[in-house]
Number of protein chains: 2
Amino acid sequence: MIVDSFFPRKIKAALKNEPPGMWMPNLPDKCIRLSSGYPAPALIPTEELKAAVVNLLEEEHDLPLHYLGSPKIAKLKEKILKKLAERDIHVSGEELLMTSGACQAIDLIARVLLDDETFVIVESPTYMEALEIFKNYTQRFISIPIDQHGLQTDQLERVLEERRGKGLALPRLLYTIPTFHNPTGTTMSAERRQHVLDLAVKYNFLILEDDAYGELGFEKSPLPLKAIDNDGPVIHIGSLSKTVAPGMRIGWVAGAREFITACSWFKKDLNPSFTQATMAVFLDKTNYEERLKLLRNTYHDKCDVLISAMEKFLPEYVSWFVPKGGYFVWIKIRGVDTSLLLNRALSAGVSFVPGKHFFLNQKHGNEYLRLSFSYADKNDIVKGIRILGNLLM
Amino acid sequence: MIVDSFFPRKIKAALKNEPPGMWMPNLPDKCIRLSSGYPAPALIPTEELKAAVVNLLEEEHDLPLHYLGSPKIAKLKEKILKKLAERDIHVSGEELLMTSGACQAIDLIARVLLDDETFVIVESPTYMEALEIFKNYTQRFISIPIDQHGLQTDQLERVLEERRGKGLALPRLLYTIPTFHNPTGTTMSAERRQHVLDLAVKYNFLILEDDAYGELGFEKSPLPLKAIDNDGPVIHIGSLSKTVAPGMRIGWVAGAREFITACSWFKKDLNPSFTQATMAVFLDKTNYEERLKLLRNTYHDKCDVLISAMEKFLPEYVSWFVPKGGYFVWIKIRGVDTSLLLNRALSAGVSFVPGKHFFLNQKHGNEYLRLSFSYADKNDIVKGIRILGNLLM
């Protein structure tokens, strides 16, 4: 039986793209992982999560191991609502859906909003996993470059004006990571935030705000777009993957009620009650603000170590942007194809992500690469940059 | 901003259906739950799962709390492959995808195989959650009745013949629960199993075999369709929700490689590494065959208690089918609208699921209801049936 003859046209179109998750080869053992956007191992609250599981099961027995058993599931949602309110996002329970990490949220949004005729605006560069998700639903993109102040909204306006003038289809969705952007580390300026909201209203598109790193400002974080979103075009997604533990798969999407209803309609994996209830217990026993302080200081420190090492060990033709939060530093190495460099780097014991994977058109970004200071420890960060420096001499 | 104006046509069509999960009102406290298809609380291995978490985190520390950290994720997959092989389903790692329960598997399959022009064959009655999933993607169904020997394949053949004769579109997918069917408890006979496989080849459709209850035969279970599927039209799904704990959300889909590749392409919630690694540890420390024996004996016993209570307390015009495994008994109460009966039953302290929810056309099934013997304890089962009997006197 020829199974792929059963796939509808839209699926066949999606399957013509590059396979998902192919951006990194397997890493050799003991490789210094400057590629991984993972939390620092020491910051994962392993003991606390273990205690949360033990407490939960002692208190509720089999309840959280059933489908919808634990009252803690509702409590987790309350806690996330409170957390959002502290960042000036005021939504009701009907405007919030818990998801299996931010990725499932992006996927649900794509499913509910996109068909193969929909145009999506993406930042260039942007989070590769989001690009892959969107490409499952549409092949129509408008790519707008990022600079040190985030998305270039004047360019976006020019493109929209031009499309309207020519009678071309207008986009339905903009995907942006306005705060501590992946991969560039940049943050959208206050003026551009207002500008993009104005454009959304004027040109009638929704904004998908990916706020995965929003709480991880070294000093302070700007308010999310959703907090200044009077006309309601913003769909806000976040997760505990960067601040607690990605393996717990706790994320959410907040937005207009009709939209959240539609997402919940298509979310058919049922509630992962065990992990949600465990996370509720963990949050209940944790001073989250203290935790954030620790995270911010640690990552700030590690970022400083990375930048100092780069200043010391990398040749002059290498340049970068110094982030004010998040996990990443975006680097340009003039005249070097970073995909080729990666092979040599892996042999020498250090990894990074070649820049091209963050671009819609992978002919771009060849001279760029993304370094993560979140996962490797400080000694390894210095060692890794020294290796990289040697390769570039 | 009017958010639903952004929904594509296919989404608007889906949202015209009845909202999902509306088949049961909230149950009053202390209600005897003969509605819930949950495992018996005493059979949920709470202590063992707690120990598995503790062992896992002591052995691997933060590893299973990262994205793909734990080697146990691969181990879980190996264990499921072995489990399938014991039931004569021989597939490779590339032909198996782990999912967040069987529901996510059904949803992925629907996404990859259906568009709004696709016809799906469903059993009548069938699992309501599956109906809801399919209705998100297509409104075109062919409904074939079930009798005590399962799907009436002769009727299916007649419909297919007729459609081909008239030049009408042929279905692309059949959804079946051949073993210990939900809600009827019936099992498809050996002849019909062969017949439906022959029809799939002759009329070129895929068979989605939902085997959620397949291991829970009171005496023995027939081989799954996938085990006798020489021409490969069967996609097999299963889960540990009925045999270990639904809150862990561990399920899978096994089928042709190209098909599993496509499903993995659309599975964008990333691996829930914590629960998968925990389950791998649990299975490693558990004698699964012994566990199954305990489950089979316990549910057999509880089913007997339910049937005896029905014989004793229900009036003569009530009839039912005695299942040989699974969780459910399907009951017909001549001349009674079970949706109306439910309100009275809930007030009196017992719940069931009205039959109509298992039918595509909810004008059917009014005289039927589904009782579950899995969740309530034996005393409560008797008490619940006595209450029901009183209501019917």
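The values are calculated or read from the model by the stated rules, or taken from the named source; none is laboratory data. This one's a predicted model, so the numbers in the text were calculated from it and none came from an experiment. Ideal geometry is used to build each Cβ from the backbone, glycine not excepted, and the neighbour counts take in all protein chains shown.
Is it true that B:ILE142 is among the β-branched types (Val, Ile, Thr) and crowded, with 23+ Cβ neighbours inside 10 Å? Show your work before the answer.
Working: among the β-branched types (Val, Ile, Thr): yes; crowded, with 23+ Cβ neighbours inside 10 Å: no.
So B:ILE142 fails the test.
Taking A:ALA102, is it at the interface with another protein chain (Cβ under 10 Å from one of its Cβ atoms) and under 18 Å from A:LYS268 (Cα atoms)?
Details: at the interface with another protein chain (Cβ under 10 Å from one of its Cβ atoms): yes; under 18 Å from A:LYS268 (Cα atoms): yes.
Criteria met by A:ALA102.
Being in a loop (DSSP other than H, G, I, E, B), under 21 Å from A:GLY21 (Cα atoms) and out of contact with any Pro (no Cβ under 8 Å at 6 or more places or on another chain), is that true of even one residue in the range B:271-285? Let's see the steps before the verdict.
Let us first name the residues in the range B:271-285 that are in a loop (DSSP other than H, G, I, E, B), namely B:271-272.
Filter once more, keeping what is under 21 Å from A:GLY21 (Cα atoms): B:271-272.
Keeping just the survivors that are out of contact with any Pro (no Cβ under 8 Å at 6 or more places or on another chain) gives B:271.
Looking for residues that are in a loop (DSSP other than H, G, I, E, B), under 21 Å from A:GLY21 (Cα atoms) and out of contact with any Pro (no Cβ under 8 Å at 6 or more places or on another chain), one finds at least one in the range B:271-285, hence yes.
What single numbered condition from (1) in contact (Cβ under 8 Å) with a residue 24 or more places away in the chain; (2) touching a strand residue (DSSP E or B) at 6+ places or on another chain (Cβ under 8 Å); (3) on the phi < 0 side of the Ramachandran plot fails to hold for A:LYS356?
It fails just one condition, (1).
With (1) within 9 Å of another protein chain (Cβ to nearest Cβ); (2) at pLDDT below 95 as the list, and A:GLU18 as the residue in question, which single condition is left unmet?
Against the list (1) within 9 Å of another protein chain (Cβ to nearest Cβ); (2) at pLDDT below 95, A:GLU18 comes up short only on (1).
Which members of the range B:59-85 meet the condition of being closer than 14 Å to B:GLY238 by Cα and among the charged types (D, E, K, R)?
Scanning the range B:59-85 gives B:LYS77, B:LYS79, B:LYS82, B:LYS83.
Being more than 10 Å from every other protein chain (Cβ to nearest Cβ), out of contact with any Gly (no Cβ under 8 Å at 6 or more places or on another chain) and more than 12 Å from A:ALA245 (Cβ to Cβ) is the filter here; which residues of the range A:30-50 pass it?
First pass over the range A:30-50, keeping only residues more than 10 Å from every other protein chain (Cβ to nearest Cβ): A:30-35, A:48.
From what is left, the residues that are out of contact with any Gly (no Cβ under 8 Å at 6 or more places or on another chain) are A:33, A:35, A:48.
If the condition is that a residue be more than 10 Å from every other protein chain (Cβ to nearest Cβ), out of contact with any Gly (no Cβ under 8 Å at 6 or more places or on another chain) and more than 12 Å from A:ALA245 (Cβ to Cβ), then A:ARG33, A:SER35 are the ones that fit.
I'd like the full set of residues that are crowded, with 19+ Cβ neighbours inside 10 Å and either touching a residue at least 60 places away in the same chain (Cβ under 8 Å) or within 16 Å of the chain's Cα centre (by Cα) (or both), limited to the range A:361-379.
Of everything in the range A:361-379, those that are crowded, with 19+ Cβ neighbours inside 10 Å and either touching a residue at least 60 places away in the same chain (Cβ under 8 Å) or within 16 Å of the chain's Cα centre (by Cα) (or both) turn out to be A:GLY365, A:TYR368, A:ARG370, A:LEU371, A:SER372, A:PHE373, A:SER374, A:TYR375, A:ALA376.
Report, by residue number, each residue of the range B:64-99 that is free of Cβ contacts under 8 Å to residues at least 60 places away in the same chain and either closer than 23 Å to B:ALA245 by Cα or within 14 Å of chain A (Cβ to nearest Cβ) (or both). Please lay out each step first, then the result.
Taking the range B:64-99 as the starting set, the residues that turn out to be free of Cβ contacts under 8 Å to residues at least 60 places away in the same chain are B:71, B:74, B:77-78, B:81-82, B:85-86, B:90, B:93.
B:PRO71, B:ALA74, B:LYS77, B:GLU78, B:LEU81, B:LYS82, B:ALA85, B:GLU86, listed by residue number.
May I ask you to verify whether B:ILE121 is under 17 Å from B:ARG249 (Cα atoms), assigned by TED's automatic domain parsing to the domain that holds B:ARG163 and modelled with pLDDT of 95 or more?
Details: under 17 Å from B:ARG249 (Cα atoms): no; assigned by TED's automatic domain parsing to the domain that holds B:ARG163: yes; modelled with pLDDT of 95 or more: yes.
Considered against the rule, which asks whether it is under 17 Å from B:ARG249 (Cα atoms), assigned by TED's automatic domain parsing to the domain that holds B:ARG163 and modelled with pLDDT of 95 or more, B:ILE121 comes out as no.
Looking only at the range A:180-206, filter to residues that are out of contact with any strand residue (DSSP E or B) (no Cβ under 7 Å at 6 or more places or on another chain) and either crowded, with 22+ Cβ neighbours inside 10 Å or aliphatic (A, V, I, L, M) (or both); which one of those is nearest to the other protein chains (Cβ to nearest Cβ)?
Of the residues in the range A:180-206, the ones out of contact with any strand residue (DSSP E or B) (no Cβ under 7 Å at 6 or more places or on another chain) are A:190-191, A:193-195, A:197-199, A:201-204.
Still in the list and also either crowded, with 22+ Cβ neighbours inside 10 Å or aliphatic (A, V, I, L, M) (or both): A:190, A:193, A:197, A:199, A:201.
On the way: A:ALA190: 22, A:ARG193: 17, A:LEU197: 11, A:LEU199: 13, A:VAL201: 7 Å.
Among those that are out of contact with any strand residue (DSSP E or B) (no Cβ under 7 Å at 6 or more places or on another chain) and either crowded, with 22+ Cβ neighbours inside 10 Å or aliphatic (A, V, I, L, M) (or both), it is A:VAL201.
Which helices (runs of 4 or more DSSP H) sit wholly inside the range B:2-113 and have at least 1 residues that are crowded, with 21+ Cβ neighbours inside 10 Å and in the same structural domain as B:THR243 (by TED's automatic domain parsing)?
Helices (runs of 4 or more DSSP H) meeting the threshold: B:46-60, B:72-86, B:101-113.
Do we find a residue being under 15 Å from the mean Cα position of the chain (by Cα), within 29 Å of B:PRO246 (Cα to Cα) and in contact (Cβ under 8 Å) with a residue 12 or more places away in the chain anywhere in the range A:195-213? Let's see the steps before the verdict.
Initially, the range A:195-213 is screened for residues under 15 Å from the mean Cα position of the chain (by Cα), giving A:207-213.
With the extra rule that they be within 29 Å of B:PRO246 (Cα to Cα), the set shrinks to A:212.
Restricting the remaining residues to those that are in contact (Cβ under 8 Å) with a residue 12 or more places away in the chain gives A:212.
Checking the range A:195-213: at least one residue is under 15 Å from the mean Cα position of the chain (by Cα), within 29 Å of B:PRO246 (Cα to Cα) and in contact (Cβ under 8 Å) with a residue 12 or more places away in the chain.
When residues of the range A:249-273 are filtered for being more than 16 Å from the chain's Cα centre (by Cα) and either closer than 21 Å to B:SER70 by Cβ or at the interface with chain B (Cβ under 7 Å from one of its Cβ atoms) (or both), how many remain? Reasoning before the result, please.
Kept after step one, since they are more than 16 Å from the chain's Cα centre (by Cα), are these residues of the range A:249-273: A:255-273.
Those left that are additionally either closer than 21 Å to B:SER70 by Cβ or at the interface with chain B (Cβ under 7 Å from one of its Cβ atoms) (or both): A:256, A:258-259, A:262, A:265-266, A:268-270, A:272-273.
Summing the residues that are more than 16 Å from the chain's Cα centre (by Cα) and either closer than 21 Å to B:SER70 by Cβ or at the interface with chain B (Cβ under 7 Å from one of its Cβ atoms) (or both) in the range A:249-273 gives 11.
If you take just the helices (runs of 4 or more DSSP H) that sit entirely in the range B:124-231, which of them hold at least 3 residues that are closer than 28 Å to B:LYS12 by Cα and touching a Cys at 6+ places or on another chain (Cβ under 9 Å)?
Values: elements: B:128-135, B:153-166, B:190-203.
Correct list: B:128-135.
Looking at A:ILE32, A:ILE44, A:ILE2, can you tell me which residue is out of contact with any strand residue (DSSP E or B) (no Cβ under 8 Å at 6 or more places or on another chain) and under 30 Å from A:PHE352 (Cα atoms)? Even if it seems obvious, please write down each step before you answer.
Details: A:ILE32 fails: out of contact with any strand residue (DSSP E or B) (no Cβ under 8 Å at 6 or more places or on another chain); A:ILE2 fails: under 30 Å from A:PHE352 (Cα atoms).
Going through A:ILE32, A:ILE44, A:ILE2 in turn, the sole match is A:ILE44.
If the requirement is being over 20 Å from B:LEU225 (Cα atoms) and at pLDDT 95 or above, which of these qualifies: B:LEU113, B:LEU84, B:LEU76, B:LEU96?
Every option except B:LEU76 fails the conditions.
Return a yes/no flag: does the range A:277-300 have any residue that is in contact (Cβ under 8 Å) with a residue 40 or more places away in the chain and within 9 Å of chain B (Cβ to nearest Cβ).
Yes, the range A:277-300 contains a residue that is in contact (Cβ under 8 Å) with a residue 40 or more places away in the chain and within 9 Å of chain B (Cβ to nearest Cβ).
Of all residues in the range B:25-46 being out of contact with any His (no Cβ under 8 Å at 6 or more places or on another chain) and of a type in the set (S, T, N, Q), which is farthest from A:THR278 (Cα to Cα)? Can you show your working first?
Our first condition is that a residue be out of contact with any His (no Cβ under 8 Å at 6 or more places or on another chain); within the range B:25-46, this holds for B:25-37, B:40, B:42-43, B:45.
Subsequent filtering for residues that are of a type in the set (S, T, N, Q) retains B:26, B:35-36.
Working: B:ASN26: 24, B:SER35: 27, B:SER36: 23 Å.
So the residue we want is B:SER35.
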